[in-house]
1. Take the residues of segment A:429-475 that are within 14 Å of chain B (Cβ to nearest Cβ) and of a type in the set (V, I, T): which is most open to solvent (accessible area, probe 1.4 Å)?
2. Take the conditions in contact with a Phe, Trp or Tyr (Cβ under 6 Å, 6 or more places away or on another chain) and under 30 Å from B:N92 (Cα atoms) and apply them to A:A287. Does it pass?
3. Name the residues in segment A:479-495 that are part of a helix (DSSP H, G or I) and open to solvent by 10 Å² or more (accessible area, probe 1.4 Å), would you?
4. Quickly run through segment B:98-122 and pick out the residues that are open to solvent by less than 10 Å² (accessible area, probe 1.4 Å), farther than 23 Å from B:V73 by Cβ and of a type outside the set (A, V, I, L, M).
5. Return the residue satisfying two criteria in turn: it lies in segment B:50-97 and is of a type in the set (A, V, I, L, M) and more than 7 Å from chain A (Cβ to nearest Cβ), and of such residues it is farthest from A:N237 (Cα to Cα).
6. Would you be able to say whether some residue in segment A:221-229 is open to solvent by less than 20 Å² (accessible area, probe 1.4 Å) and within 14 Å of another protein chain (Cβ to nearest Cβ)?
7. Which condition number does A:T274 fail, the rest of (1) hydroxyl-bearing (S, T, Y); (2) more than 9 Å from every other protein chain (Cβ to nearest Cβ); (3) part of a helix (DSSP H, G or I) being met?
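The values are calculated or read from the model by the stated rules, or taken from the named source; none is laboratory data. All values derive from a computational prediction rather than experimental measurement. Note that we place each Cβ from the backbone using ideal geometry, even for glycine, and neighbour counts take in every protein chain shown. Surface accessibility is based on the protein's heavy atoms, side chains included, excluding ligands, DNA and RNA. Shrake-Rupley method; radii C 1.70, N 1.55, O 1.52, S 1.80 Å.
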Amino acid sequence: MVTAWPRAGYAQTAAEQNAPLLTQPGILITLVLILVPLLAAFIFMVLQVRRTLLRLKWQQQPAVQTEAIDFPHPQRNPAVPYQLSGRELAGQYAPDDSRGIIQHASNDHAIPFVAEKKKAQARPAIDPKLTHLILWYLGTATFWLVLGTTVGEYLGIKLVSPDADTVPWLSFGRLRPVHTNAVFWGWSSLAMLGLAYYVVPKVSNTTIASLRQGWQTLILINTAVVLGSLCLMNGINNAGGEYREYVWPVMALFGLGLIITLINFLRTVARRTTTEIYISNWYILSAIIFTLVISVIAYWPTWQNGLGETIVQGYYMHQGVGMWFMLFNLGLVYYFLPQQLNKPIYSYSLGILAFWAQILFYTLIGTHHFVFSSIPWWLQTVAIVGSMGMLIPVIAGTTNFLMTLKGGWNKIASSYTLPFYVTGIIFYFTGSFQGTAEAFRFTNLLWHFTDFTVAHSHLTMYGIIAFLLWASIYALVPRLTGHEPPQWLVGAHFWLAFLGLMFYTIPLMIGGTLRGLMWMEGKPFIESVVLMAPYWLWRAIGGSLMWLSHILFAYNFYRMVVGVRAARPAATPIREVLA
Amino acid sequence: MKLFRNHTYLYTTAFLFFTGLSLVVAILPALYNQENNAPLPGTEPLSDDALAGKHVFIANGCVACHSQQVRNVAMDNVWGSRPNVAADYAHNTRMHWWMNTATLMGTERTGPDLTNIGTRLPSLEWHLLHLYNPRAVVEESVMPAYPWMFQIKEDIEEGDKVVNVPAEFMRDQHGTVVATREALQLVAYLQSLQQAPLPDGTAAPAFLYRSQAPAAAPANVSADAAATEAIADGAALYAANCQACHQATGAGLKGAFPPLKGSAIVQDDDPEVLIDIILHGYNAREEYGEMPAIGTINHLKPEEIAAIIHHERTSWGNQAREVSVAEVKDIIAMLESKKNNP
């Protein structure tokens with residue numbers, strides 16, 4: 001693998017043609033990456049079983065001998081019958097908690113079905129108007145998540161049952177971009193911006209420059225997604241480049257929204273009361289700046305004839321993912337992860353290294369979507385080499401987060417946000433590394449044009465971005481509203497989303513690989529369609545689990561915003577409980 | 001360090017760094033490519049109908065599942081006789097002020113590549129029926145149906161293009177299915193998708209990874225092995241060239257494509273008519289669609305034609321004698337001379 005590595009980078013030289021599949025570096029890397037989370041889960045399980053067995057063994061041992069020991073020393077005599085009174089820690093006084101330190105007390109001694117997690121700690125007061133704005137961002141984002149993935153789920157069903165309907169507005173080719181764009185520009189983008197309206201002023205130790213501008217962006221982006229979706233279903237699109245299916249007059253609203261928020265954030269950072277600019281704001285503000293650059297290049301309506309369109313498409317598609325969603329989310333994690341662990345980030349420098357390395361390498365890799373196509377071969381090689389370079393920011397970022405987690409792993413069990421962060425971080429590593437492996441020549445032969453790509457984009461946009469966003473939303477909203485989500489439903493959301501993603505992606509990766517092999521063997525195309533049928537069914541099943549988890553998330557969000565209507569007497573006097 | 005404390009300095013640096021890189025990997029190469037490119041000599045821009053059809057293709061998001069690029073790797077050879085070159089995309093320019101250029105290269109092949117679909121499947125009747133419901137012609141297809149591009153009429157008017165839809169795909173509707181202009185334009189676009197030959201003397205770029213494609217039978221294998229090879233080839237060639245209309249079962253489709261199973265022409269002791277039809281097409285029977293000159297369009301070699309007719313004459317219960325490659329060659333030569341000196 002090590003020797004094959006350097007050679008995997010050249011775009012257009014044919015080499016090692018008949019080497020078996022399992023000697024191809026791209027394949028090996030991907031297999032290892034798929035095994036990483038499974039192996040971690042296996043080790044975890046073994047440790048749990050061992051611990052349980054040890055506990056059982058301990059319990060079965062005979063009680064400690066209580067007979068008096070013949071001990072010559074006279075002082076020993078009163079010591080032997082001594083017994084604890086049960087009040088050693090409480091002291092002589094009646095229980096009292098005049099400072100409200102005890103967060104939770106219960107007389108309910110039933111065996112809990114799910115482990116009790118820690119609740120959010122109250123934060124210094126936030127301007128209720130800002131809270132209102134953020135909740136609207138997150139609320140509309142949740143709406144687009146549910147709507148966008150309902151469309152996605154329906155598309156998954158259509159691959160299994162193509163004659164489900166014959167309504168032009170619901171036909172597969174028109175709905176597919178409705179799904180992708182709604183979850184991109186509706187769900188992920190609005191959620192990111194909403195969270196940033198909290199983080200950007202918070203790490204600047206100041207207040208947001210303008211709430212009004214926040215509302216303007218919210219309205220513009222939502223309008224863009226509504227109009228864009230309607231246009232797409234009505235057959236008005238921008239000629240089929242992925243993720244730029246909205247026509248530019250619609251996307252201009254989105255861009256305008258970003259410009260307004262960029263100005264707002266810049267003004268906020270300018271009036272910060274900290275000397276240095278915290279790393280989160282490096283990432284977040286740069287993400288907005290870069291996305292505006294990308295949008296102007298990709299949407300400028302007077303150029304891109306012939307292959308110009310393809311070159312810009314590769315650039316746009318991948319920068320949209322890497323410079324908007326990934327960069328922005330990293331910025332959010334640099335704030336929320338340390339906050340949730342109650343400790344500083346492991347290394348500020350690693351964060352800065354990852355920042356510049358991400359810009360350097362990510363910008364280069366767009367055309368790896370068009371390897372072996374008619375665009376200039378040097379551009380293809382640059383893209384593959386850049387994809388390899390991406391390992392630097394990915395490893396730097398992952399190391400930074402894992403080292404921040406170090407010493408805090410025990411907190412995961414008692415937190416309902418950290419499992420989302422850990423999952424997002426693991427997928428950040430495996431998903432990004434998989435992207436590198438997919439850019440190699442041979443893996444392009446095998447996987448390009450198959451559903452493997454679809455699996456990869458879900459592992460990343462969902463496994464990384466959506467999980468990190470959920471983590472941050474569960475971390476932030478209870479602190480804004482004072483209402484906790486039902487913990488067992490957060491757990492159900494997590495497991496359904498995670499298992500759904502696995503059921504969705506693993507069959508598609510297997511099916512995609514088999515399909516690619518079939519094409520390489522020159523089998524009739526239709527056989528490869530028949531081959532995919534069971535894998536598409538699994539995808540629909542996994543998609544259903546994911547969709548269900550979003551319904552739970554929407555309910556959890558509702559509970560976090562409005563609380564329980566007939567709230568149980570929240571303040572059972574602590575005195576009574578303990579008495 | 002200034003970078004850490006001065007936000008103007010930090011964000012300007014990041015902006016310039018990113019924009020500079022974008023200039024090198026996206027803007028300049030894209031500009032260079034659009035300026036230094038020209039359509040291949042002898043190729044025409046799309047006709048008005050085909051252009052309107054391209055709009056229909058774009059509006060319905062067909063690119064979500066169909067690519068239009070033959071990569072320079074052997075596995076893509078089935079989609080075109082040569083890899084695509086930049087010039088193949090030179091006709092694609094902006095069609096509207098509100099819409100981007102549509103090269104429609106695509107990134108997914110849930111369905112087949114369409115670079116050369118106009119050559120591979122030239123039949124109007126096939127395309128119309130396929131659009132009305134793909135499963136009427138390809139049972140296993142998962143492509144969406146486009147019935148809203150057709151009308152159901154009681155009375156046929158002059159100029160109506162009637163589509164013969166098998167009863168089980170009529171969705172309990174009664175009447176005759178007639179293609180709308182939209183459907184005809186879309187098919188016109190699909191038929192226009194043909195790979196143009198490179199100008200004389202220009203060598204096409206090579207297909208890489210050639211050895212991974214099925215190897216041609218070496219010359220020195222035994223006759224037995226060669227015969228097996230021919231049978232295997234025949235089935236694959238039939239699937240690639242004939243099956244879309246005549247179906248894997250050889251039963252054809254009632255009202256659209258005639259059956260080969262039990263056909264007198266197919267099983268005729270003298271294969272001349274059969275070979276003539278494969279090479280030059282057939283339009284003698286009212287009740288069926290017109291057969292295109294598939295053999296000529298797809299440049300089928302005598303060996304390939306022999307394999308195909310062997311498959312057709314020995315499958316689905318058909319029983320007819322073996323036709324050798326030499327015999328096929330003779331008949332082709334005879335047909336040629338007949339055509340030249342009628």
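1. A:T453
2. Criteria not met by A:A287.
3. Pass one, segment A:479-495, residues part of a helix (DSSP H, G or I): A:479-481, A:487-495.
Residues satisfying the conditions are A:R479, A:L480, A:T481, A:Q487, A:W488, A:L489, A:G491, A:A492, A:F494, A:W495.
4. B:N100, B:T101
5. In the first step, residues of segment B:50-97 are kept if they are of a type in the set (A, V, I, L, M); the result is B:50-52, B:56, B:58-59, B:63-64, B:70, B:73-75, B:78, B:85-87, B:90, B:95.
Among the residues that remain, those that are also more than 7 Å from chain A (Cβ to nearest Cβ) are: B:50-52, B:56, B:70, B:74, B:87, B:95.
Values: B:A50: 18, B:L51: 16, B:A52: 15, B:V56: 11, B:V70: 25, B:A74: 33, B:A87: 25, B:M95: 12 Å.
Step by step, filter segment B:50-97, then rank; the result is B:A74.
6. Yes - at least one qualifying residue is present in segment A:221-229.
7. (3)
Residues are listed down the side, and each one gets a yes or a no for (1) touching a Phe, Trp or Tyr at 6+ places or on another chain (Cβ under 8 Å); (2) open to solvent by less than 20 Å² (accessible area, probe 1.4 Å); (3) within 24 Å of A:R271 (Cα to Cα); (4) at pLDDT below 95:
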{"residue": "A:I134", "(1), (2), (3), (4)": "yes, yes, yes, no"}
{"residue": "A:W144", "(1), (2), (3), (4)": "yes, yes, no, no"}
{"residue": "A:V160", "(1), (2), (3), (4)": "yes, no, no, yes"}
{"residue": "A:A196", "(1), (2), (3), (4)": "yes, yes, yes, no"}
